[in-house]
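See below for the structure under consideration.
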Amino acid sequence: MYKNKIWLSAPHMGGGELKYIQEAFDSNWIAPVGSNIDCFEHHLEAYLGSHHVAVLNSGTAAIHLGLILLGVQVGDVVICQSMTFSASANPILYLGASPVFIDSEPETWNLCPIALEEAIVDTIAKGKKPKVILAVHLYGVPYKVDEIRAIADKYSIPILEDSAEALGSSYKGQQCGTFGDIGIFSFNGSKIITTSGGGAIVTHSKELKNKAIFLATQARDIAPHYQHSEIGYNYRMSNICASIGIGQMEVLDYHIGLRRNMHEFYIELFKNIEGVAVFKVPSVNCFSNYWMSTILINSFETNGVTRETLRLALDAENIESRPLWKPMHLQPLFQKYNYYGSHIAETLFNDGLCLPSGSNMTPEDSNRIKSVILKLFGK
Ligand SMILES: *Cc1c(COP(=O)(O)O)cnc(C)c1O
């Protein structure tokens with residue numbers, strides 16, 4: 001019997017998106033300019049609180065511009081979480097800067113404060129003060145916000161907060177994306193909301209937002225002709241994509257609730273399965289959107305079932321799952337750069353698996369996943 005593919009994280013439209021796209025068509029603003037762009041930005045600003053948001057055509061573009069706005073130049077050092085998607089680190093190379101990679105700590109899987117401080121001290125001793133700390137809220141789980149901020153302030157290094165996976169997550173009641181000196185979001189197809197492709201940069205001031213938009217729209221000086229004094233980029237979001245974003249904002253909190261239900265489903269499912277731990281926030285201070293539900297498998301306690309055994313068993317039933325992000329310091333592209341830590345990220349990569357987590361999964365989907373897992377673990 002042919003079975004539909006169950007995806008890790010599929011787009012989930014709320015229904016309102018087409019109405020806003022129609023508006024864009026009716027007004028003929030089929031361009032990276034238009035009122036739906038401003039409207040989407042206002043929705044995001046209202047959602048976050050007091051911050052200023054510029055929407056762009058990808059999260060990667062937002063990281064690139066964020067690094068530029070924080071002053072990163074050729075030859076600079078940027079400290080970066082190792083356990084992340086390559087899009088966090090690639091823009092460091094776009095600028096001719098060098099990443100220094102930091103291990104995860106086991107509670108949030110994000111920047112280890114001890115390894116972070118060690119890297120800063122060591123890099124300064126070598127004569128180069130790091131320009132930026134790039135911190136990630138992996139899988140929607142907030143990093144150790146207070147600890148990382150204390151270290152950043154101690155050495156006066158700004159934080160670029162990669163909140164690509166964490167729209168709607170919060171720490172002590174404050175929204176992720178607002179903790180960094182600059183924050184970013186992604187609205188790619190697999191993220192908690194999607195604009196088909198897109199991103200945003202979050203700043204503390206209107207001036208910085210305007211500077212981001214200036215750089216994202218080819219850095220045109222004020223003049224009747226095309227006049228340029230700085231390197232520009234073509235990074236602005238299109239009015240059509242922003243239309244999708246407005247519709248998605250209407251269902252964001254609802255969809256977060258559904259993702260959190262999936263997470264609950266996995267907690268319940270693995271409750272009595274020895275050797276499998278569902279990853280969850282370490283304290284009541286953290287609220288996660290649970291963009292992705294993930295597990296760690298200790299194969300010494302599962303009669304030899306590994307994350308790969310489980311991945312293949314799910315795949316045989318046309319159910320997508322995937323190992324966690326392969327740490328950057330283990331990637332051929334980034335191997336030559338410095339790394340500080342005690343190899344926690346490696347262990348996470350070896351033992352961890354991402355499970356289908358979409359907000360549009362049906363009870364039948366959940367049942368299919370459940371039966372594969374119960375069978376594999378002999379339950
Ligand atoms: C998705 C993602 C990005 C990049 O966003 P795009 O919109 O795909 O360019 C950056 N960092 C992390 C952690 C991501 O998950």
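The values are calculated or read from the model by the stated rules, or taken from the named source; none is laboratory data. Because the structure is a prediction, the values reported are computed rather than measured. Positions of Cβ are generated from backbone atoms using ideal geometry, with glycine treated the same way; all protein chains shown enter the neighbour counts. Note: accessible area is taken over every heavy atom of the protein model, side chains too, but ligands, DNA and RNA are not part of it. Shrake-Rupley method; radii C 1.70, N 1.55, O 1.52, S 1.80 Å.
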Ignoring ligands, DNA and RNA, please state the percent of accessible area on segment 324-372 from carbon and sulfur, probe 1.4 Å. 52
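Of the accessible area of segment 13-132, with the probe set at 1.4 angstrom, what percent is carbon plus sulfur?
Reported share for carbon and sulfur atoms: 59 percent.
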Once phi is turned into ³J(HN,Hα) by the Karplus curve 6.51 cos²θ - 1.76 cosθ + 1.60 with θ = phi - 60°, what whole-Hz value does each residue of segment 78-88 show in order, with x for glycine and proline? 10, 7, 9, 4, 6, 7, 6, 7, 4, 5, 5
Here the chain gives, from Cα atoms, an Rg and Dmax in Å of 21.1, 73
Averaged over every viewing direction, what's the projected area of the C-alpha convex hull for segment 253-376? Give it in nm², one decimal, please. 9.5
Report, in whole Å, the centroid distance computed from the Cα atoms of segment 291-317 and segment 359-374. 15
At R0 = 45 Å, how high is the FRET efficiency between Ala150 and Asn90 if r is their beta carbon distance? Nearest 0.05 is fine. 0.95
Cα centroid separation, segment 47-95 to segment 129-162 (Å): 13
Whole-number accessible area per residue in Å² for segment 1-101, which is evaluated in the context of all protein chains at 1.4 Å: 43
Please give me the summed charge of the neighbours of Asn4: other residues whose Cβ is under 11 Å from its Cβ, Lys and Arg +1, Asp and Glu -1. 0
Grab the other residues whose beta carbon is less than 14 angstrom from that of Ala316, score K and R as +1, D and E as -1, and report the net. +1
Estimated dipole of the chain in Debye, rounded to 20 [Cβ of Lys and Arg +1, of Asp and Glu -1, Cα centre]: 380
Here is the link list: Lys211/Lys326; Lys126/Lys191; Lys5/Lys379; Lys128/Lys280; Lys172/Lys206. Which ones come out longer than 31 Å on Cα distance? Lys211/Lys326; Lys126/Lys191; Lys128/Lys280
Residues whose placed amide H lies under 5 Å from that of Thr217, excluding near-sequence neighbours: Tyr233, Tyr235
Tyr339's amide H: which non-local residues (gap 5+, or another chain) put their own amide H closer than 5 Å, with H modeled 1.01 Å from N in plane and none for Pro or chain starts? Phe101
Charges only on Cβ, +1 for Lys and Arg, -1 for Asp and Glu: so what's the dipole of segment 253-376 about the Cα centre, in debye to the nearest 20? 220
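Sum -39500 (n - 2.57) across every DSSP H segment of at least 4 residues in the chain, then divide by the residue count to get the 222 nm mean residue ellipticity, nearest 500.
Dividing the helical sum by the residues of the chain leaves -12000 deg cm²/dmol.
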As a test, work out the antiparallel percent of DSSP beta bridges whose residues both lie in the chain, rounded to the nearest 5. 60
Given charges at Cβ of Lys, Arg, Asp, Glu: segment 17-251 dipole, positive-most of Asn234, Leu138, Ser163: Asn234
So what J values fall out for segment 216-223 if you push phi through Karplus, 6.51 cos²θ - 1.76 cosθ + 1.60 with θ = phi - 60°, rounded to Hz, Gly and Pro as x? 6, 10, 6, 6, 7, 6, 6, 5
Formal net charge of residues neighbouring Gly140 (Cβ-Cβ distance under 9 Å; K, R +1; D, E -1): 0
